[in-house]
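Visitor: This structure is in structure tokens; I'll ask about it shortly.
The values are calculated or read from the model by the stated rules, or taken from the named source; none is laboratory data. Being a predicted model, the structure only gives us computed values, none of them experimental. Here the Cβ is made from the backbone with ideal geometry for all residues, glycine too, and neighbour counts use every protein chain on show.
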Amino acid sequence: RYFYITAPALHLKKFEWAKNFIDNFKEKLPPVQEDYQYLHTLANYYFSMKDFGKALEELSKIKDNKHHIALTANKLKMQILYELKDFETFLYTIDSYRHFLKNYCKIFIETNPKINLNFVKYLRRLIDIQSGKKIKPDELRFEIQREKIITSKNWLLEKTNELIR
């Protein structure tokens with residue numbers, strides 16, 4: 001819940017409130033969750049502030065790759081790489097993320113891998129557009145809008161709209 005309490009505040013650009021919450025409630029996290037919950041939430045804060053280098057730095061400190069936080073942390077890493085236009089690293093990261101999803105879904109049966117695989121598919125197509133492939137951004141936007149099973153849909157639409165302008 002720690003992460004999900006700050007997410008709406010960050011979406012509403014209540015950055016000071018979110019940072020205060022992150023710092024003040026860190027000590028209330030169970031010791032087992034403290035490191036990865038705090039680091040992931042802090043990385044999301046920096047991502048929202050568009051301090052992508054600091055966000056990557058915090059994500060790199062997360063050591064637990066078997067927990068559900070790793071799922072969203074890896075997704076956030078891909079978003080940051082996209083924002084930084086580090087497409088070479090992104091392409092490498094996509095492959096490891098797909099392998100991670102395959103293993104993750106064996107551990108947590110209730111997780112639908114399609115929600116994340118669709119995210120990767122559309123993010124990959126955004127990169128294809130920027131590398132000159134003949135994909136029309138307005139058609140991609142329409143596809144994303146129609147997609148029912150996807151994570152970070154609003155962010156993908158925002159990035160697609162930036163390519164249309």
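Visitor: Looking at the range 141-165 only, could you name the residues that are modelled with pLDDT of 95 or more, more than 19 Å from the chain's Cα centre (by Cα) and either closer than 18 Å to Tyr97 by Cβ or among the hydrophobic types (A, V, I, L, M, F, W, C) (or both)?
Guide: Phe142
Visitor: While we're here: Return the pairs, sorted by first residue and then second, in which the second residue is at pLDDT below 80 and among the charged types (D, E, K, R), the first residue lies in the range 87-116 and is within 25 Å of Gln130 (Cβ to Cβ), the beta carbons are less than 8 Å apart, and the residues are 6+ apart or on different chains.
Guide: Sorted first by the residue in the range 87-116, then by its partner, the list stays empty.
Visitor: Looking only at the range 116-134, how many residues end up being in contact with a helix residue (DSSP H, G or I) (Cβ under 8 Å, 6 or more places away or on another chain) and either part of a helix (DSSP H, G or I) or within 16 Å of Leu76 (Cβ to Cβ) (or both)?
Guide: 12
Visitor: While we're on this one: Can Ala18 be described as within 20 Å of Ile5 (Cβ to Cβ), in contact with a His (Cβ under 7 Å, 6 or more places away or on another chain) and modelled with pLDDT of 85 or more? Show your work before the answer.
Guide: Numbers: within 20 Å of Ile5 (Cβ to Cβ): yes; in contact with a His (Cβ under 7 Å, 6 or more places away or on another chain): no; modelled with pLDDT of 85 or more: yes.
Criteria not met by Ala18.
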